[in-house]
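Asks: Below you'll find the structure I mean.
Values in this text are rule-based calculations from the coordinates and carry no lab data. This is a predicted model, so every value here is computed, not measured. Cβ placement follows ideal geometry from the backbone for every residue including glycine, while neighbour counts extend to all protein chains displayed.
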Amino acid sequence: QVQLVESGGGLVQAGDSLRLSCAASGRTFSSYTMAWFRQAPGKEREFVAGKNWSVGSTVYADSVKGRFTISRDNAKRTTYLQMNSLKPDDTAVYYCAATTSTIVAVRRSSYDYWGQGTQVTVSS
């Protein structure tokens, strides 16, 4: 059993930065693939970023390349999403996800564990 809890969301202005955290507990392993998804109102949940540190694979959605960075602190069992140069289009609920697979997939169905989400709102 794996539990994921997101935090760090909030209301910011365009151009600001924000760092989201995903704290993991339960039966987790460093080999798990970690990913971030987001869902805006009326939109499909979409892949944002994912990484597997065992195989060194990192994938970013085109919309966030160069602005977002996924990282982790192994000791704290926490995965981060550093978001820079935020845009109003980044407004969404951001979800942390994990899978035992080493493949960094973009499909929601590829992930076994999900957090409850944290709201990010970017104003103009």
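Asks: For a test of understanding, tell me how many lysine pairs in segment 43-124 have Cα atoms under 22 Å apart, given they are 8 or more places apart or on different chains.
Replies: Qualifying lysine pairs in segment 43-124: 5.
Asks: Which ³J(HN,Hα) values, rounded to whole Hz and listed in residue order, are derived for segment 36-47 from phi using the Karplus coefficients 6.51, -1.76 and 1.60 in 6.51 cos²θ - 1.76 cosθ + 1.60 with θ = phi - 60°, glycine and proline given as x?
Replies: Using θ = phi - 60°, the values come out as 10, 10, 9, 9, 8, x, x, 10, 6, 5, 10, 5 Hz.
Asks: Which whole-number percent is the relative contact order of segment 10-120 (Cα, under 8 Å, 6+ apart)?
Replies: 35
Asks: A further question on this structure: How far apart, in nm, are the 7 Å Cα→Cβ label points at Ala40 and Arg108?
Replies: Placing both labels 7 Å along Cα→Cβ, they lie 1.6 nm apart.
Asks: DSSP loop chymotrypsin sites (Phe, Trp or Tyr not before Pro) in segment 9-57 with at most 13 other Cβ atoms within 10 Å of their Cβ, which ones?
Replies: Phe29
Asks: Quick check for me: using +1 on Lys/Arg Cβ and -1 on Asp/Glu Cβ, what's the dipole size of segment 1-64 about its Cα centre, in debye to the nearest 20?
Replies: Its charge dipole is roughly 180 debye.
Asks: Which log10 I(q)/I(0) values, to two decimals, does the chain give at q = 0.20 Å⁻¹ under the Debye formula with one point per Cα?
Replies: Normalising to I(0) and taking log10 leaves -1.08.
Asks: On to the next question. For a paramagnetic label modelled at 7 Å from the Cα of Val2 toward its Cβ, which residues of segment 100-124 fall within the zone defined by backbone nitrogen distances under 19 Å?
Replies: Label zone hits: 100-118.
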